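K.L.:
Below you will find the structure I want to go over with you.
The values are calculated or read from the model by the stated rules, or taken from the named source; none is laboratory data. A quick note: this is a predicted structure, and the numbers were derived from the prediction, not measured. Glycine also receives a Cβ, built like all others from the backbone with ideal geometry; neighbour counts cover every protein chain displayed.
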Amino acid sequence: MMLFFLPTWEKNFDAVVGDVSIVANRTKYVDFSRRYTEMGVRMLVLEKPKAGNAWMFVKPFTKSMWALTIAIFLYNGLIVWLIEKAGDEELKSSSFSSQFGSLVWLSVTALFPIHGEKLRSNLSRVTMVVWLFVALVLIQSYAANLTTMLTVTQLRPTSPILSSTDYVGCDHGSFVISYLENVLHISKSRIKTYLSGEDYAKALRSGEIKAAFLELAFIKIFLDENKRGFAATGPTYEIGGYGYAFSKGSPLAENVSDEILRLRESGKLHKLEDHLLMVPSSKSSSSDTGGQDTARLSPDSFWGLFLITFGTSTLALLLFLVSRFHDNWCLKKQHQDEHVLEKDDAANLTPSERAPHTVTGVVVHDPDCWHVEIQQPKFVRSNTC
C-alpha cells in the first residue's frame, strides 16, 4: 500500500492510479473519483473440516418437521389398519400389542415394499400410494440436506475471534489498522501486518493469525489465487473501496468519476472484474454461511404434501365408514324383513302346526311335512315330504 497521503502532498502529482483506498481523513489533501470496486472489509479465515456429530442425522429436519412426519406416518398406518382390519379375522382376534405392531408395519411396508405384503382394499391402496409419493419426496429432501451438512466446511464465527486473544492480520500501512483498533476494539498488540497474499496464506495455515481483515477487492484476488482452503466470512464492514486520487480542485476527478459511473451502469466494469479475476463476484461471500447454519427443512416447505396425504387418508376413512354403515344397514334391514316374513307365516299356521317338536341336536321331519330347526325354531312350509 502506498503511503503518500500526508500533508507533504504539495501537488507533486496530478493523479495517483492504483489500489488507493478512499477514507475520510485523506480527503483533506486530495479529491477522489467514484469507487471502481466494491466498498467493504471482510474477514478471511482458514477453512477446517466440519466436526463430527453423532446426532447429525436428525438435523436436516426441524423438531416440528420430525413431529409432523411421525404423526402423518402413524395416522396413515392407522387408517390402513382400520380398513384392513374389517376383512381380516385374524387381525380382529389378536391382542392390542399385535394390532399396534400391525399398524406400524403397514406404514413401513408402504415405504419399503416387502414381497407378499398385499392390501385387500382399494381404499388402503390409494392411501398408501399417496403416502408413498409424499414419503419419497421427504426422503430425497432429507438425503440432500444431510449430504450438504456432511460435506460443507465449517468457518470460524467473527465474534469469538474479535473477543479472543488470537492474532489477526491486515495490510501494512492500511487504514484497516485504525478501524480494527477504534471500531472493532482489537488491541494493537494483536494486529500483525503483511505485504502479500502469500504471506497471508502462510500465516493462516501455520496458525500465526486466526483471521485477516482485508478489503473486498483484495479478498477476491486472494481467493482467485488460492482456490481451496480459505473463505470470507462474517459481516461486511462498509468502509474503504478503491478509487483514483487527484490534486485538490482538479477537474479530472469529476471527469473520471463520470466515466466510472457510465462503465458501472453499462455493466462493463462488472464484466471486466470477473474476466480479470476469473471468478464470479459472489465467490467471496458464497462460503459465508456454508458451515454455520445450513437451512433445516421445516413444515413450511412441505405443508402442501402433508395436506394432500392427510386429505386422501381422511377421505378414504370416511368412504370406508360410509360403506360399513351402508352394509350394516342393509344387513339389519334384511334381518328385519326375514323376521316379518316369519311372523306372517306363523300367523297362517293351524294350532297343531304351531306346536314345535322338541328334538335335541338333530333336524327331523314332521308327520305333517314341516321342517323343524332346533337352535332357532323356524317354520318353513315344505312342498315335498
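Table: residues versus (1) acidic (Asp, Glu); (2) out of contact with any Asp or Glu (no Cβ under 6 Å at 6 or more places or on another chain); (3) modelled with pLDDT of 85 or more; (4) assigned to a strand (DSSP E or B).
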site: 25; (1), (2), (3), (4): no, yes, no, no
site: 34; (1), (2), (3), (4): no, yes, yes, no
site: 38; (1), (2), (3), (4): yes, yes, no, no
site: 42; (1), (2), (3), (4): no, yes, yes, yes
site: 51; (1), (2), (3), (4): no, yes, no, no
site: 54; (1), (2), (3), (4): no, yes, no, no
site: 64; (1), (2), (3), (4): no, yes, yes, no
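K.L.:
Residues of the range 20-66 being within 30 Å of residue 305 (Cα to Cα), among the small types (Gly, Ala, Ser) and either in contact (Cβ under 8 Å) with a residue 12 or more places away in the chain or surrounded by 21 or more Cβ atoms within 10 Å (Cβ to Cβ) (or both), which ones?
P.N.:
64 - this is the single residue of the range 20-66 that is within 30 Å of residue 305 (Cα to Cα), among the small types (Gly, Ala, Ser) and either in contact (Cβ under 8 Å) with a residue 12 or more places away in the chain or surrounded by 21 or more Cβ atoms within 10 Å (Cβ to Cβ) (or both).
K.L.:
Which of the residues spanning the range 10-19 are in contact (Cβ under 8 Å) with a residue 60 or more places away in the chain and at negative phi?
P.N.:
Across the range 10-19, the qualifying residues are 13, 14, 15, 16, 17, 19.
K.L.:
Still on this structure: Which members of the range 207-231 meet the condition of being closer than 24 Å to residue 160 by Cα and of a type in the set (Val, Ile, Thr)?
P.N.:
Hits for the range 207-231 are 209, 219.
K.L.:
Say we look at the range 238-284 and pick out the residues that are in contact with an Asp or Glu (Cβ under 7 Å, 6 or more places away or on another chain) and within 24 Å of residue 214 (Cα to Cα); which of these is modelled with the highest pLDDT?
P.N.:
242
K.L.:
So residue 5 ticks every box in (1) assigned to a helix (DSSP H, G or I); (2) surrounded by 11 or more Cβ atoms within 10 Å (Cβ to Cβ); (3) at pLDDT below 80 but one. Which box is left unticked?
P.N.:
Of everything listed in (1) assigned to a helix (DSSP H, G or I); (2) surrounded by 11 or more Cβ atoms within 10 Å (Cβ to Cβ); (3) at pLDDT below 80, residue 5 misses just condition (1).
K.L.:
Another question about this same structure. Tell me which residues, restricted to the range 193-212, are under 41 Å from the mean Cα position of the chain (by Cα) and not in a loop (DSSP other than H, G, I, E, B).
P.N.:
Scanning the range 193-212 gives 197, 198, 199, 200, 201, 202, 203, 204, 205, 206, 211, 212.
K.L.:
Filter the range 226-262 down to residues that are more than 19 Å from residue 45 (Cα to Cα), without any contact (Cβ under 8 Å) to a residue 40 or more places away in the chain and of a type outside the set (D, E, K, R), then give me how many there are.
P.N.:
2
K.L.:
Output the residue which, of all residues in the range 290-321 that are small (Gly, Ala, Ser) and farther than 30 Å from residue 220 by Cβ, is modelled with the lowest pLDDT.
P.N.:
Let us first name the residues in the range 290-321 that are small (Gly, Ala, Ser), namely 290-291, 295, 298, 301, 304, 311, 313, 316.
Subset that is farther than 30 Å from residue 220 by Cβ: 298, 301, 304, 311, 313, 316.
Working: 298: 88, 301: 84, 304: 90, 311: 93, 313: 89, 316: 89.
Result: 301.
K.L.:
If you don't mind, there's one more thing I want to ask. Take the conditions at pLDDT below 90 and under 24 Å from the mean Cα position of the chain (by Cα) and apply them to residue 287. Does it pass?
P.N.:
Yes: the conditions hold for residue 287.
K.L.:
If you take the residues in the range 232-276 that are closer than 30 Å to residue 162 by Cβ and aliphatic (A, V, I, L, M), which one is surrounded by the most Cβ atoms within 10 Å (Cβ to Cβ)? Spell out the reasoning first.
P.N.:
Taking the range 232-276 first, the residues closer than 30 Å to residue 162 by Cβ are 232-243, 273.
Still in the running and aliphatic (A, V, I, L, M): 232, 239.
Numbers: 232: 23, 239: 17.
Going through the qualifying residues, I end up with 232.
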